Amino acid sequence: MPAIEVESLYKVFGKGARGAVAQLKAGVPREEVNARNVTAAVIDHTWAIEPGEIFVVMGLSGSGKSTLIRMLNGLIRPTTGTIRIGGVELGALSHREIRRLRREKISMVFQHFALLPHRTVVENVAFGLEIKGLKKTERLERAREAVELVGLGGHEDKLPAQLSGGMKQRVGLARALAADTEILLMDEAFSALDPLIRQEMQDQLLDLQGKLGKTIVFITHDLNEAMRIGDRIAICDGQVKQLGTAEEILMHPADDYVAEFTADVDRTRVLTAEAVMEPFGSMDTGELTTVESDVPVNELYEPVLNSDAPLLVVDDNADPLGVVTTRSIIKSLSPETAPEPGSVTDGAARGPEQEAQPA
Ligand SMILES: Nc1ncnc2c1ncn2[C@@H]1O[C@H](COP(=O)(O)OP(=O)(O)OP(=O)(O)O)[C@@H](O)[C@H]1O
């Protein structure tokens with residue numbers, strides 16, 4: 001069962017919201033609908049997030065990201081459409097039941113930390129558990145564990161004013177983790193951080209995710225960030241313009257709107273050996289140096305340059321998938337010449353391809 005599922009979800013602000021939804025459904029453009037004193041913030045979202053997935057919602061300011069997240073945690077109701085959290089439809093719940101579901105299933109991490117200035121790190125982390133009604137010793141024990149988990153061990157008794165931005169955000173993350181909910185909603189959680197600290201936090205999130213397997217909805221306006229951490233990314237502008245993996249979006253932007261975003265993305269970090277490889281055809285692959293299929297392109301430069309022959313891309317079972325050469329790497333860096341996903345495996349099955357032969 002999906003962890004979160006939305007179906008034909010709309011949120012329009014203003015009088016006559018339902019009528020506006022009907023117009024949108026009938027194909028009236030958003031600008032035209034908005035000209036009638038309403039704001040269509042979320043338009044026709046239908047998607048599902050599997051447990052353990054990092055789902056990134058990416059869009060510019062005003063694209064409906066915050067509205068979406070506020071609907072997901074039940075702070076505002078959709079104009080029309082359904083939201084299911086762990087199979088439970090939010091629309092069928094009373095306010096009290098929604099508050100309970102939020103407490104038990106969902107934690108939030110905010111951009112501006114929302115720390116209590118007069119409480120220590122560990123007290124801030126324990127605060128959410130106080131609301132849940134846990135006893136003090138248990139609260140502090142769980143808080144200490146979470147503080148340790150985010151790498152803040154030794155800083156338990158500091159006050160927020162004594163912490164750097166990155167450390168404050170770790171406290172925010174620890175607070176969410178201490179609550180031990182299945183779902184984390186992260187709203188521009190790293191956007192206020194310096195680039196290097198931000199990258200550190202992204203790495204830490206991926207690391208924690210590897211251990212904890214939460215379901216994470218991560219909101220950002222930065223496509224590089226989205227592609228770094230998202231298992232799948234929904235690019236939104238009111239409606240979902242494209243939903244897919246980083247590679248799918250990069251290789252096949254759905255329209256000009258998406259393509260414009262992808263122009264700024266560092267392709268070498270997102271694309272993997274598997275995405276850029278070419279068919280090995282009838283080549284004797286026995287002697288080739290192997291690379292794992294998920295190695296990013298920017299880690300292939302050295303092995304490719306140090307090898308006269310192509311590199312053999314292999315899967316988890318060490319079965320060959322394709323080959324990578326300097327040429328395939330250079331080709332992949334331009335969207336126009338990048339190979340179609342899946343085309344390589346098909347090509348390999350069909351037989352030799354001239355362009356994949358060793359030089
Ligand atoms: N309570 C509200 N009443 C009226 N309009 C609203 C309300 N909340 C949001 N909006 C409008 O809905 C649209 C989407 O806003 P939203 O905050 O969801 O976008 P966002 O993508 O989160 O933007 P940002 O990145 O700037 O936070 C905007 O045009 C906003 O002005």
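No lab work stands behind these numbers, since they all come straight from the coordinates. Because the structure is predicted, anything quoted here is derived from the model rather than measured. When we count neighbours, we look across all protein chains shown, and the Cβ atoms used for this are built from the backbone with ideal geometry, even at glycine.
State the extension gain, in nm to one decimal, for the chain segment bounded by residue 138 and residue 77, taking 0.36 nm per residue of separation less the distance between their alpha-carbons.
Between residue 138 and residue 77, full extension yields 18.5 nm more.
Take every DSSP beta bridge whose two residues both sit in the chain, then give the antiparallel share in percent to the nearest 5.
55 percent
When Lys and Arg each count +1 and Asp and Glu each count -1, what net charge do the other residues less than 10 Å away from residue 249, Cβ to Cβ, add up to?
Residues near residue 249 contribute 0 overall.
Efficiency by 1/(1 + (r/R0)^6): what FRET value for residue 36 and residue 254, r their Cβ-Cβ distance, R0 = 41 Å, to the nearest 0.05?
Taking R0 as 41 Å, the efficiency between residue 36 and residue 254 is 0.90.
Per DSSP H run of n ≥ 4, the term is -39500 (n - 2.57); total these for the chain, divide by its residue number, and report the mean residue ellipticity at 222 nm rounded to 500 deg cm²/dmol.
Estimated from H runs of four or more residues: -11000 deg cm²/dmol.
Could you tell me the distance between the Cα centroids of region 278-327 and region 1-79, to the nearest Å?
A separation of 43 Å, based on Cα centres.
For the pair residue 266 and residue 92, what calculated FRET efficiency results from E = 1/(1 + (r/R0)^6), where r is the Cβ-Cβ distance and R0 = 35 Å, to the nearest 0.05?
0.20
I want to check the label-to-label distance for residue 60 and residue 290. Put each point 7 Å from Cα in the C-beta direction and report it in nm to one decimal.
The answer from the label model is 4.7 nm.
How many nm separate the modelled label positions at residue 22 and residue 116, each set 7 Å beyond the Cα in the direction of the Cβ?
4.9 nm
Expected output is a single nm value to one decimal: the length gained when fully extending between residue 212 and residue 159, i.e. 0.36 nm times separation in residues minus the C-alpha distance. What is it?
Taking residue 212 through residue 159 to full extension adds about 16.4 nm, to one decimal.
If I stretch the segment between residue 221 and residue 305 completely, what's the gain in nm (0.36 nm per residue apart, minus their alpha carbon distance), one decimal?
Full-extension gain reported as 26.7 nm.
Give the lysines whose C-alpha is closer than 29 Å to that of residue 168, dropping any in the same chain fewer than 8 places away, or say none.
Candidates past the 8-residue exclusion: 65, 105, 132, 135, 136, 158, 211, 214.
Helix 165-178 against the longest principal axis of the chain: what's the angle in degrees, Cα atoms only, rounded to the nearest 10?
70 degrees
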